[in-house]
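Participant: Pasting in a structure now, in structure tokens, and then I'll have a few things to ask.
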Amino acid sequence: MQRINQRIKIVAASFWRGVREWSGDAAYDRYRECIHRKGGDEPLTETEFYVEQLNRKYSKPSRCC
């Protein structure tokens, strides 16, 4: 029974990780890991990071309409 519970926890954690990746919620976590690995400057705060992402996304001209 304990083995089944452990397996359920692993599957649930994997599913949740996938949902976070799909939705973009894990982007800041990945950014901090990358900064830490590279030994770069002080990372942006979470708010600064998402504002920067929005600026980057909407600063490009749209070819729609």
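Laboratory data are not the source of any read-out in this text; all were calculated from the coordinates shown. The shown structure was predicted, so the numbers you read here are calculated from the model rather than taken from an experiment. Here the Cβ is made from the backbone with ideal geometry for all residues, glycine too, and neighbour counts use every protein chain on show.
Participant: Using Cβ counts within 10 Å as a stand-in for footprinting exposure, how do R17, R63 rank, fewest first?
Facilitator: Details: R17 11, R63 5.
Least to most surrounded, the residues fall as R63, R17.
Participant: Roughly how many nanometres apart are two label points built 7 Å out from the Cα toward the Cβ at C34 and R17?
Facilitator: For C34 paired with R17, the spin-label model returns 1.9 nm.
Participant: Based only on other Cβ atoms within 10 Å, what is the fewest-to-most ordering of Y50, Y58, Y28?
Facilitator: Working: Y50 14, Y58 9, Y28 18.
Exposure proxy ranking, most exposed first: Y58, Y50, Y28.
Participant: Also, I was wondering about something else. Relative to the longest principal Cα axis of the chain, at what angle does helix 27-38 sit, 0 to 90 degrees, rounded to 10?
Facilitator: Its long axis makes an angle of about 90 degrees.
Participant: Now for a separate question. Compute the angle between helix 46-58 and the longest alpha-carbon principal axis of the chain, please, reported from 0 to 90 degrees and rounded to the nearest 10.
Facilitator: Helix 46-58 and the main axis of the chain meet at about 60 degrees.
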